[in-house]
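Input: a single structure, listed below in structure tokens.
The values are calculated or read from the model by the stated rules, or taken from the named source; none is laboratory data. Computed from a predicted structure; not experimentally measured. Cβ sites come from the backbone with ideal geometry, for glycine too, and all protein chains shown count toward neighbours.
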Amino acid sequence: MPEKTSQSERRFSVNEIFGPTMQGEGALIGALTHFVRFNGCDYRCAWCDSPEAVLPELIKNHHTPMTAKEISDKLLTFSKACWVTLSGGNPGMHEHLRELIGRLRCNWKVACETQGTIYQDWFEELDHLVVSPKPPSANQGAPNYHTLAKIFTGALSKKTSVKIVVFDAVDLGWALEQGHILCGDVRPLYLQVGTDPTDSNEEILNSYRELVEQVHHHPAAIHLDVRVLPQTHKLLYGHGRGV
Ligand code: SF4
């Protein structure tokens, strides 16, 4: 009979741990945070900016098995920050993050970013959950509406924000027309300008300006309390790892 792994012995495939840095997107934009990036994702978005945490052939170069204690101990060696953000990949693929979140909350507030395909009970232990359903340009089909509905029910919805990356007019129309389903009653809806690794800051700001103007002319934007943001960390630091 296989030996059961205890909580404290359980190891997670960690891609990178870094910080403190500035949260560049969404509801926590500007917050000082550490990041823990987990490996593994159930999506293969056409424009994924973290393929090294998604594709098995790249994960093997960035795979460090760590226990909850080892992750927490590593973060304690960094300079201070208010938040730890669990990212990926899709951290929602990992069933057993409750112990880690408990440890981290002794020293930080804990946020998690997921595209919202898999529900985990430990979401309820977080200080903030960022759900980021992927638009048509990601080429991943319809979001998991069942999981989204579960997230938007009860107490969890009060500490959840929704962020959608927008690359083109089709993405924008989708986000605003489906907004009432994609966000439930959660407001505001954060729209984030999609960027390509080759984009200069001037190109990013031009795309941002265009998106702001398009949103201002869309009737659904008021009802959804839309906030349009650039990926500020890309403006400040580019597309490298560890920022
Ligand atoms: S959900 Fe996120 S991490 Fe996964 S493939 Fe899409 S962009 Fe990449």
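Restricting the first member to segment 98-119 and to residues that are on the phi > 0 side of the Ramachandran plot and at pLDDT 95 or above, and the second to residues that are among the β-branched types (Val, Ile, Thr) and in a helix (DSSP H, G or I), the beta-carbon pairs closer than 7 Å and six or more apart or on different chains are GLY116/THR147; GLY116/ILE151.
Taken together, ILE222, ILE204 contain a single residue that is more than 21 Å from GLY30 (Cα to Cα), part of a helix (DSSP H, G or I) and modelled with pLDDT under 95, which is ILE222.
Here is a yes/no grid of residues against (1) more than 16 Å from the ligand (Cβ to nearest atom); (2) more than 15 Å from PRO133 (Cα to Cα); (3) not polar (S, T, N, Q); (4) not in a strand (DSSP E or B):
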residue: GLY19; (1), (2), (3), (4): yes, yes, yes, no
residue: GLY24; (1), (2), (3), (4): no, yes, yes, yes
residue: VAL36; (1), (2), (3), (4): no, yes, yes, no
residue: GLU52; (1), (2), (3), (4): no, yes, yes, yes
residue: GLU57; (1), (2), (3), (4): no, yes, yes, yes
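Is it the case, given these coordinates, that PRO56 is out of contact with any helix residue (DSSP H, G or I) (no Cβ under 8 Å at 6 or more places or on another chain) and over 19 Å from GLY19 (Cα atoms)? Yes.
Can you go through LEU129, LEU75 and tell me which one is part of a strand (DSSP E or B), in contact with a Phe, Trp or Tyr (Cβ under 8 Å, 6 or more places away or on another chain) and either touching a residue at least 24 places away in the same chain (Cβ under 8 Å) or buried (at least 17 other Cβ atoms within 10 Å of the Cβ) (or both)? Exactly one of LEU129, LEU75 is part of a strand (DSSP E or B), in contact with a Phe, Trp or Tyr (Cβ under 8 Å, 6 or more places away or on another chain) and either touching a residue at least 24 places away in the same chain (Cβ under 8 Å) or buried (at least 17 other Cβ atoms within 10 Å of the Cβ) (or both), namely LEU129. Checked against (1) more than 16 Å from the ligand (Cβ to nearest atom); (2) among the β-branched types (Val, Ile, Thr); (3) without any contact (Cβ under 8 Å) to a residue 40 or more places away in the chain, THR67 meets all criteria but (3).
Filtering segment 87-104 down to residues that are assigned to a loop (DSSP other than H, G, I, E, B) and within 16 Å of the ligand (Cβ to nearest atom), which residue is farthest from THR33 (Cα to Cα)?
Our first condition is that a residue be assigned to a loop (DSSP other than H, G, I, E, B); within segment 87-104, this holds for 88-90, 94-97.
Imposing the further condition that a residue be within 16 Å of the ligand (Cβ to nearest atom) reduces the set to 88-90, 94.
Details: GLY88: 15, GLY89: 18, ASN90: 18, HIS94: 21 Å.
The residue in question is HIS94.
Filtering segment 59-72 to residues that are part of a helix (DSSP H, G or I) and surrounded by fewer than 20 Cβ atoms within 10 Å (Cβ to Cβ) leaves ILE59, LYS69, GLU70. Close Cβ contacts (under 8 Å, 6 or more residues apart or on different chains) running from residues in segment 38-53 that are touching a residue at least 60 places away in the same chain (Cβ under 8 Å) to residues that are more than 7 Å from the ligand (Cβ to nearest atom) and aromatic (Phe, Trp, Tyr) comprise TRP47/PHE167. Quick check on my filter: what residues within segment 138-166 are β-branched (Val, Ile, Thr) and under 12 Å from ASP185 (Cα atoms)? ILE151, THR153, THR160, VAL162 - these are the residues of segment 138-166 that are β-branched (Val, Ile, Thr) and under 12 Å from ASP185 (Cα atoms).
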